[in-house]
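Below is one structure; the comments refer to it alone.
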Amino acid sequence: MPQDVHSKRDVFDATYAGSITRPLLPPLRSDSRTKRNPPRSLRDYQGSETEHERKARLRALWLSLPQNVTDHNPKVDTQEGHSAAYQPLTKERAQRLRDLYESELARECNGHQWLFQGAVVDWEGFLKYAESKEEELWKVFHNDLDLDGNGMLDATELQHALTSAGIELDSKTLADFMAFLTSSTHSRPISFPEFRDFLLLLPRTPSVSEIFQYYEVCKYLGDDGRGSARVNMEGDVSLSAEDRPPAKHHGRIAQGPIESGTGSEASPPISRDMEPTDGQISVSDVIGEGEEEEEEHETWLGGSMALKFLFAGGVAGAVSRTCTAPFDRLKIYLITRKVDNVGSWMIPTRSHGVTVIANAMRGIYLESGLLGFWIGNGLNVVKIFPESAIKFLSYEASKRMFARYWDHVDDSRDISGISRFMAGGIGGITSQLAIYPIETVKTQLQSTSGGQIRTMLAPTMRRMWADGGVRAYYRGLAAGLIGVFPYSAIDMSTFEALKLAYIKASGKEEPGVLALLAFGSVSGSVGATSVYPINLVRTRLQASGSSGHPQRYTGVWDVAQKTYAEEGWRGFYRGLAPTLAKVIPAVSISYVVYEHTKRRLGV
């Protein structure tokens, strides 16, 4: 048993990682159900794959390589990372190593010739390289790592190899390492195909330290570190544009195994300007016509895999918002009703504040019954998918623009923090502009008093059109757009501060999932509280003219003046309590549903 196993939690983590053989967990669906004797030689193993399948797999991998490789000085730069001792990784070093891997791989495939700008990896050279590398990886896997000879690399064997190389990992980090190599959601023994597919593009001798360094480079450059849960200004959880499959465009290191066969999920994007030369396999030998058409949109949407992630995020958002809809309805009720009716929640005595909330809930129930707490939820759910898609597309387009014209980098994931912040702001503004009319109609519905719930939508939309035409659907837009950038700045800075403080206090390299969820909840809540007065002004402009909020305003400044004159500074925070109260359940529900939906979709 590893030395760092002390508590029951440590025992669980070690068992989950495979360090302890005691089977505490039942087999998972992703585990292999068949028990086969491992092949005794590489030739025996290769016999299980047809020549067509092998070339299809290798060609898919070849097509994922960068088109234009800038060579580095082979006498100087290639010494980077060749030290026998493990060296901690930084972002700059990870990017430098990735570039070196690409140029070294190109030299290996092109016969160690000096590469000029614009050179590509030769197909025939890549086939020879893959043949040699597979034989090298077979020897390392079976002679150096697989100590019991069962054809699987378990946690104990991997831990022993890492320790011998001077790399000490705790059980959780070891489990993450194994899960990454198997492209699985959990840690399990590593098979040779998984080991080979992950390391086939590593142009260096696969020592244990080189393997771990290669894993760190792939992981370091493939995640923004924030996880999947993002709290917006409304206290809702939205899909992170970063949480999607790693970019498969040219120029990135492959970050997972490529399965044998010709399925679309195994085929990277096809470049239209990379046509096969004479004597090479045509693209139609690898992928079908339908898959070629799908790849045309790979640059922007990331293919069907990214659409699955967007769908999973939409389902999670729909379930989360439906479950927390009463909080949203209560917030709008508190913002739009007169102080004389419900009072202000932000008052000196706690008991009075609770009474205000209780009176507001009673008022909603008396007006519309139990279903009154879900008024407007249908529109809130409907807008999720277009909002997520538009934000995703505009965010990606902005990142590419900043990468090309501002940061001058080839990969949009390598842009600076300022560029990423600006791209996020542009994505938020674009999505706000697109779905704002739906948001306004939803607010009008929620601020309407009485009436039949099922017959409220059409009359409300007709009344708004008669009241101001198209402009009526965009009331408060300026206030909504103003709040995007300060919210993003406060949210990001708070999250990074919490993350750094946690890392310093715990001594861990990266926070776990629960820690990231907690940091996201806190940073989102701080950001939402900071810009809440702007949010309140926008909501009152959207609700103006409704039966529950008949007041009329001339603009943002008019709302601010009247709010301060009637309610003081506390009036700008009416409804904040239910907004903050729904953050934790919204994040928790979204995360659980999101992960479950991803598993059901196979992503």
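Checking the conditions here, which among L174, L115, L181 is outside any strand (DSSP E or B), hydrophobic (A, V, I, L, M, F, W, C) and at pLDDT 80 or above?
Working: L115 fails: at pLDDT 80 or above; L181 fails: at pLDDT 80 or above.
That would be L174, the only listed residue that is outside any strand (DSSP E or B), hydrophobic (A, V, I, L, M, F, W, C) and at pLDDT 80 or above.
For a quick check of your reading of the model, give me the residue pairs whose first member lies in region 421-433 and is modelled with pLDDT of 85 or more, whose second is in a helix (DSSP H, G or I) and among the basic types (K, R), with beta-carbon atoms closer than 8 Å and at least 6 apart or on different chains.
Going by the 8 Å Cβ cut-off, the qualifying pairs are T430/K391.
What tally of residues in region 559-572 results from selecting those that are touching a residue at least 24 places away in the same chain (Cβ under 8 Å) and surrounded by fewer than 18 Cβ atoms within 10 Å (Cβ to Cβ)?
3
For residues that are at pLDDT below 85 and either surrounded by fewer than 20 Cβ atoms within 10 Å (Cβ to Cβ) or among the small types (G, A, S) (or both), tally how many sit in region 437-451.
4
Looking for something hydrophobic (A, V, I, L, M, F, W, C) and in a loop (DSSP other than H, G, I, E, B) - is there at least one such residue anywhere in region 585-592? Don't jump to the end; show me each part of the working.
Residues of region 585-592 that are hydrophobic (A, V, I, L, M, F, W, C), as a first pass: 586-587, 589, 592.
Subset that is in a loop (DSSP other than H, G, I, E, B): none.
No, the conditions are met nowhere in region 585-592.
Based on what the data block shows, is R538 of a type outside the set (G, A, S) and surrounded by 21 or more Cβ atoms within 10 Å (Cβ to Cβ)?
Working: of a type outside the set (G, A, S): yes; surrounded by 21 or more Cβ atoms within 10 Å (Cβ to Cβ): yes.
For R538, the condition - of a type outside the set (G, A, S) and surrounded by 21 or more Cβ atoms within 10 Å (Cβ to Cβ) - is met.
If only one of L137, L169, L127 is in a loop (DSSP other than H, G, I, E, B) and either surrounded by fewer than 18 Cβ atoms within 10 Å (Cβ to Cβ) or not β-branched (V, I, T) (or both), which one is it? Lay out the reasoning, then the answer.
Working: L137 fails: in a loop (DSSP other than H, G, I, E, B); L127 fails: in a loop (DSSP other than H, G, I, E, B).
Exactly one of L137, L169, L127 is in a loop (DSSP other than H, G, I, E, B) and either surrounded by fewer than 18 Cβ atoms within 10 Å (Cβ to Cβ) or not β-branched (V, I, T) (or both), namely L169.
Across region 390-419, what is the total count of residues that are among the charged types (D, E, K, R) and surrounded by 21 or more Cβ atoms within 10 Å (Cβ to Cβ)?
Quick first cut of region 390-419, residues among the charged types (D, E, K, R) only: 391, 396, 399-400, 404, 407, 410-411, 413-414.
From what is left, the residues that are surrounded by 21 or more Cβ atoms within 10 Å (Cβ to Cβ) are 391, 396, 399.
Selection size over region 390-419: 3.
Restricting to region 334-358, name every residue that is under 26 Å from T460 (Cα atoms) and modelled with pLDDT of 80 or more.
Correct list: L334, I335, T336, R337.
The values are calculated or read from the model by the stated rules, or taken from the named source; none is laboratory data. For clarity, every value in this text was computed on a predicted model and none was experimentally measured. Note that we place each Cβ from the backbone using ideal geometry, even for glycine, and neighbour counts take in every protein chain shown.
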